[in-house]
Amino acid sequence: MFPAQTEYHRPNSVTEAVDLLASNEGAKVLAGGHSLIPLMKLRLVAPTVLVDIGRIEALKGIEATDGGLSIGALTTQATIAASDLVNERAPLLAEAAGMVGDPAVRNRGTIGGNISHSDPASDLPAVLTALGATLKVTGKGGDRSVGASDFATGLLENILGEDEILTSVSVSSIPSGAGSAYVKFAHPASRYAVIGVAAIVGVSDGRCSSASVVVGGVETTPTRASSVESALLGSDLSDEALDKAAAAVAGDFQGDAMSDIFASAEYRQAVAAVYVRRALAAAVSRAG
Ligand SMILES: Cc1cc2nc3c(=O)[nH]c(=O)nc-3n(C[C@H](O)[C@H](O)[C@H](O)COP(=O)(O)OP(=O)(O)OC[C@H]3O[C@@H](n4cnc5c(N)ncnc54)[C@H](O)[C@@H]3O)c2cc1C
């Protein structure tokens, strides 16, 4: 299939890109193109104008910040997976980025595109929610910051305005002594996450001192597993405690689990509990 005819622009700055978006109704940002181009070829979307941000150098790269990291929206998943800085400060993000699709996808797909596409089967939204990341968005009205947990609003929907670009992602380092893990049940054909679980577990004197657990793939936006977190906090992190905490995830889904030809809603929720258990065990084994 060929995409519908579209005008193509390649701005050199964020200001120029925002101006193009603001002055062309139906315009869309093009980053790595791994999600947008297939949709255009299937004619599921037909932007009137493509604003290719791929040459905007200011949107690329990873920097250390006071207590964490700032990652430009155009940074590829392969760069994030291989970054020493990300592996040291937010190993959960490097681990998940290395599990996206295949090398071809990771070499083109960007962190900004992965989040902005707001696909429930993507890996990075759940991970960034678990990390408490902040997303910087730039539009005609200036800059604004949005918590990763508030970004997606539904299936392929998010808070971005028509003239807005996601420009960077800020992540705090995981607390010292905490362990983290991302585990996923990958779709056998695409490697997208049927279920993806991100867990960060703090351990002090043999007990759980902090917990952040988020499940992707079950509902249309990442699910914070607050019942799991509550069950973990203060526990001795024994096998029995982890079993009990993982089983509690059933109480975190709001009754609108997704269902498709590959996995029913019931199956997704049952598998989620298994993957939460695996993520907790891996995170605890890496703590300290
Ligand atoms: C075969 C295959 C397997 C895949 N497997 C996985 C997987 O296992 N896990 C996973 O998480 N993902 C997977 N993906 C998706 C992949 O990671 C995509 O690259 C990613 O979701 C989109 O990033 P992109 O840079 O290619 O964005 P594009 O395709 O260019 O854009 C995607 C959407 O985001 C918008 N957009 C892009 N950048 C910005 C920005 N900075 N600001 C505002 N809007 C923006 C675009 O307008 C478009 O709507 C897979 C893709 C393919 C083709």
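In table form, for the structure just shown:
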read-out: The range 12-36: number of residues that are at pLDDT 95 or above and surrounded by fewer than 18 Cβ atoms within 10 Å (Cβ to Cβ); value: 8
read-out: Listing of strands (runs of 3 or more DSSP E) fully contained in the range 140-246 that carry 1 or more residues being in contact (Cβ under 8 Å) with a residue 40 or more places away in the chain and of a type in the set (Phe, Trp, Tyr); value: 178-186
read-out: Leading residue by the ranking (farthest from the ligand (Cβ to nearest atom)) among those in the range 107-138 that are of a type in the set (Gly, Ala, Ser), outside any helix (DSSP H, G or I) and out of contact with any helix residue (DSSP H, G or I) (no Cβ under 6 Å at 6 or more places or on another chain); value: Gly132
read-out: The lone exception for Ala104 - which of (1) touching a residue at least 12 places away in the same chain (Cβ under 8 Å); (2) within 12 Å of the ligand (Cβ to nearest atom); (3) not aromatic (Phe, Trp, Tyr) it fails; value: (1)
read-out: Flag for Ala78 being surrounded by fewer than 23 Cβ atoms within 10 Å (Cβ to Cβ), small (Gly, Ala, Ser) and closer than 28 Å to Phe185 by Cα; value: yes
read-out: Odd one out for Thr79, checked against (1) free of Cβ contacts under 8 Å to residues at least 24 places away in the same chain; (2) within 11 Å of the ligand (Cβ to nearest atom); value: (2)
read-out: Condition broken by Val86, with the remaining ones in (1) more than 12 Å from the ligand (Cβ to nearest atom); (2) without any contact (Cβ under 8 Å) to a residue 24 or more places away in the chain satisfied; value: (2)
read-out: Odd one out for Gly216, checked against (1) within 16 Å of the ligand (Cβ to nearest atom); (2) over 21 Å from the mean Cα position of the chain (by Cα); value: (2)
read-out: Residue within the range 89-96 that is modelled with pLDDT of 95 or more, within 10 Å of the ligand (Cβ to nearest atom), of a type outside the set (A, V, I, L, M, F, W, C) and in a helix (DSSP H, G or I) present; value: no
read-out: Failed criterion for Met258 (all others in (1) more than 16 Å from the ligand (Cβ to nearest atom); (2) outside any helix (DSSP H, G or I); (3) in contact with a Ser or Thr (Cβ under 8 Å, 6 or more places away or on another chain) hold); value: (1)
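The values are calculated or read from the model by the stated rules, or taken from the named source; none is laboratory data. Bear in mind that the values here come from a model prediction, so they are computed numbers and not experimental data. Here the Cβ is made from the backbone with ideal geometry for all residues, glycine too, and neighbour counts use every protein chain on show.
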